[in-house]
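So the structure is just underneath, and the comments pick up after that.
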Amino acid sequence: MSTTTERYRAARDLLRELSDDYAGAVNTFTWPEMGDQFNWAIDWFDAIARGNDTVALWIAEQDGSERKYTYDEMARRSDRVAAHLAAHGVKRGHRVLVMLNNQVELWDAMLAVMKLGAVLLPTTTALGASDLAARISRADIGYAVVNSTDVPKFGQADRDITLFVATGHVDSAANILSLRDAYTGQDVPATPHPGTAPSDPQLLYFTSGTTSSPKLVEHNQVSYSVGHLATSYWIGAQPGDVHLNVASPGWAKHAWSCFFAPWIAEATIFIYNYPRFDAAELLAQIRRVGVNTFCAPPTVWRMLIGAELSNDKGQLRELLSAGEPLNPEVIEHVRSKWGLSIRDGFGQTELPLAVGNLPGKPIKPGSMGLPLPGLPIVLVDPITGRPADEGEICVDLALRPMSLMTGYRDDAERNAAALSGGYYHTGDIARRDSDGYLFYIGRSDDVFKASDYKISPFELESVLIEHPAVAESAVVPAPDEVRLAVPKAYITLTPGHEPSRELALEILKFARENLAPYQRIRRLEFANLPKTISGKIRRVELRERETALAQRPTTEATEWRDDQFPELRS
């Protein structure tokens, strides 16, 4: 085992040993020195995988079929794919797009591309042809691993790309090859180390673009693969545990929790594939396979508590949520049923997990937790640019953590803005209490003032979601002649509820009873919320809509205002 591997393991084990001692972990942990060359797929994964018969990947389908792959199998399978890609021209530094579903070839390809020292761009199969063509051009893609159903999407690309087809029919074209050929014949030798330096690029990700066009984020050989030591610490998985994360391939959270973090912990990644989400069926699978650590976004947690959780938590030990802030009432409902607390976590495509509710630490209602060891988190007042108890969540670049991105590729303007004043700026606002816990307020461009009071959309949405008719909500400022702006809620209803005057009044009354007077929701509209391709709400579209509506002489027929209801006058 290489010295690099030993240092990596020592850092992981230190965090594991101090899982119940947050202060000790913060004071003791330092990012491991990775030397002149490092390649996670070889220096870590292969080092723990060779000869290891522990199940690394377990994929179950809705029809009842399933397949398990050991660590040793995954090492050998990825060697085969790496040899196949290399034989057809893929070299260190080449950019390879991987556009696959939750299928074993996805993990094979990710490991293989990394082993070659090529640069990996995971992307979702939900992309259309025009969006795909734009990504190919901006990221300078030369190769792609896809299923046959997605091959036609590449027709709009501005260059010839070599496609490796994982499943389905392979057309007889010079640039379309079968990935299945990689798995035939005798075993191939272990992939040699490509000599990648820690600073060499490893991953490219497009952000989901909630407020602007997607940014192209670049990570080097250590920022994700070493940076996710913090994520693994937060998850709390142990060797031999079964870990389930509900995330779609192609997004950074999938790499976080369906690739790096569980394999850092030497755990089993469990995947359950379903064409349509079924909360009861997912719960049945969790109990059937004995999932120990489970992570899901708030949307899924809200769907799960809408099902019958029962008191049977199976083998679950750690419950986690990330992607968006988690509403406190969801945490309390799950705790009342299972006796376990969902631990929230905060990070970005640009920055792996940075703040979280940690194993063994008390959870404060509504808090996003504490900065993770090795993460110099500072709240910066947007006016003064100085540290404060409320402000933008930033990273102190004087103590730059290994997990921070290299930068936005070919985007000097965005880099300058994100890394200004000696900080990396996340764009998220929080406040800190006397114990150091952070409480999320909102995106800096989502927080607004109404009647000179600062309004956090998240706080209002957390109350609205408690109403049984509300499935999702988004609060944005609506221009107002007297108050300059008032809070308006766009609401998606749960099944069995229909838009009506009576329901609008009921929800407005509910909000009024549970919010401070200055937070009063003045307008309400029932609507399907605009979202990014990754499922995040695009409040920017709703704000733009409100600006346009303010120019019209009459209100929308679908909008309800509190001054329309005599029952609300006070």
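Just one residue in the set Y224, Y205 is crowded, with 19+ Cβ neighbours inside 10 Å and in a strand (DSSP E or B); that residue is Y205. Pairs are defined by a Cβ separation below 7 Å, a sequence spacing of at least 6 or placement on different chains, a first member in region 124-139 that is among the small types (G, A, S), and a second member that is not in a helix (DSSP H, G or I); the pairs so defined are A126/I533; A133/A157; A133/D158; S137/D158; A139/R95; A139/L121; A139/L204; A139/L216. Could you check region 405-460 and list, in sequence order, the residues that are free of Cβ contacts under 8 Å to residues at least 60 places away in the same chain, more than 30 Å from L203 (Cβ to Cβ), of a type in the set (G, A, S) and open to solvent by 10 Å² or more (accessible area, probe 1.4 Å)? Once the filter is applied, which keeps residues that are free of Cβ contacts under 8 Å to residues at least 60 places away in the same chain, more than 30 Å from L203 (Cβ to Cβ), of a type in the set (G, A, S) and open to solvent by 10 Å² or more (accessible area, probe 1.4 Å), region 405-460 yields only S434. Condition first: among the acidic types (D, E), open to solvent by 10 Å² or more (accessible area, probe 1.4 Å) and not in a helix (DSSP H, G or I). Can you find one or more residues in region 39-58 that meet it? Checked region 39-58: at least one residue is among the acidic types (D, E), open to solvent by 10 Å² or more (accessible area, probe 1.4 Å) and not in a helix (DSSP H, G or I). Listed by first and then second residue, the pairs with beta-carbon distance under 7 Å, at least 6 apart or on different chains, first residue in region 312-338 and within 17 Å of K364 (Cβ to Cβ), second modelled with pLDDT of 90 or more and open to solvent by 20 Å² or more (accessible area, probe 1.4 Å), are L319/L340; L319/S341; I331/S341; V334/L340; R335/S341. Just one of (1) under 13 Å from L438 (Cβ atoms); (2) in contact with a His (Cβ under 6 Å, 6 or more places away or on another chain) fails for E390. It is (2). Across region 17-38, the qualifying residues are those that are within 26 Å of the chain's Cα centre (by Cα) and in a helix (DSSP H, G or I), and the one among them that is surrounded by the most Cβ atoms within 10 Å (Cβ to Cβ) is A25. Of all residues in region 126-141, those satisfying the criterion of being in contact with a strand residue (DSSP E or B) (Cβ under 6 Å, 6 or more places away or on another chain) and either of a type in the set (V, I, T) or assigned to a loop (DSSP other than H, G, I, E, B) (or both) are D140, I141.
Condition check ((1) part of a helix (DSSP H, G or I); (2) open to solvent by 50 Å² or more (accessible area, probe 1.4 Å)) across all residues:
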{"residue": "S336", "(1), (2)": "yes, yes"}
{"residue": "G345", "(1), (2)": "no, no"}
{"residue": "L351", "(1), (2)": "no, no"}
{"residue": "L358", "(1), (2)": "no, no"}
{"residue": "K361", "(1), (2)": "no, yes"}
{"residue": "P382", "(1), (2)": "no, yes"}
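Of all the residues in region 363-378, those that are open to solvent by less than 20 Å² (accessible area, probe 1.4 Å) and in contact with a Phe, Trp or Tyr (Cβ under 7 Å, 6 or more places away or on another chain) number 6. Checking each residue in region 476-504 for being open to solvent by less than 40 Å² (accessible area, probe 1.4 Å) and not β-branched (V, I, T) picks out P477, A478, D480, A485, P487, K488, A489, Y490, L493, S500, L503, A504. Scanning region 226-273 for residues that are within 16 Å of the chain's Cα centre (by Cα) and hydroxyl-bearing (S, T, Y) gives T231, S232, S248, S257.
Sub-9 Å Cβ pairs linking a first residue in region 501-523 that is outside any helix (DSSP H, G or I) to a second residue that is open to solvent by 80 Å² or more (accessible area, probe 1.4 Å), at least 6 apart or interchain, are A516/Y453; R522/R483; R522/D563, ordered by first then second residue. Counting only strands (runs of 3 or more DSSP E) wholly contained in region 404-500, the ones carrying 2 or more residues that are over 26 Å from the mean Cα position of the chain (by Cα) occupy 448-450, 453-455, 470-480, 484-493. Pairing each residue of region 360-371 that is under 20 Å from L15 (Cβ atoms) with any residue that is open to solvent by 30 Å² or more (accessible area, probe 1.4 Å) and in a loop (DSSP other than H, G, I, E, B), provided the two are 6+ apart or on different chains, yields C-beta distances under 7 Å for G360/S19; G360/D20; I363/S341; M368/P325; L370/K361.
Residues in region 129-142 that are surrounded by fewer than 22 Cβ atoms within 10 Å (Cβ to Cβ) and either under 19 Å from L179 (Cβ atoms) or touching an Asp or Glu at 6+ places or on another chain (Cβ under 6 Å) (or both): S137, G142. In the set (1) closer than 23 Å to P566 by Cβ; (2) touching a Phe, Trp or Tyr at 6+ places or on another chain (Cβ under 8 Å); (3) free of Cβ contacts under 8 Å to residues at least 60 places away in the same chain; (4) crowded, with 19+ Cβ neighbours inside 10 Å, S473 fails one condition alone, (1). Among the residues making up region 466-488, those that are in contact with a Pro (Cβ under 9 Å, 6 or more places away or on another chain), among the aliphatic types (A, V, I, L, M) and on the phi < 0 side of the Ramachandran plot are A471, A474, V475, V476, A478, A485, V486.
Candidates V81, V119, V96: the one that is more than 20 Å from S257 (Cα to Cα) and in contact (Cβ under 8 Å) with a residue 60 or more places away in the chain is V81. A count restricted to region 284-331 and to residues that are in a helix (DSSP H, G or I), open to solvent by 30 Å² or more (accessible area, probe 1.4 Å) and closer than 17 Å to F458 by Cβ stands at 4.
When R67, R80, R9, R76 are screened for being at pLDDT 95 or above, in a strand (DSSP E or B) and either farther than 30 Å from F277 by Cα or touching a helix residue (DSSP H, G or I) at 6+ places or on another chain (Cβ under 8 Å) (or both), only R67 passes. The single condition from (1) hydrophobic (A, V, I, L, M, F, W, C); (2) within 26 Å of N101 (Cβ to Cβ); (3) part of a loop (DSSP other than H, G, I, E, B); (4) open to solvent by less than 10 Å² (accessible area, probe 1.4 Å) that F277 fails is (4).
The values are calculated or read from the model by the stated rules, or taken from the named source; none is laboratory data. These numbers were taken from a predicted model, which means no experiment stands behind them. Here Cβ is always computed from backbone atoms with ideal geometry, including for glycine, and neighbour counts include all displayed protein chains. Surface accessibility is based on the protein's heavy atoms, side chains included, excluding ligands, DNA and RNA. Shrake-Rupley method; radii C 1.70, N 1.55, O 1.52, S 1.80 Å.
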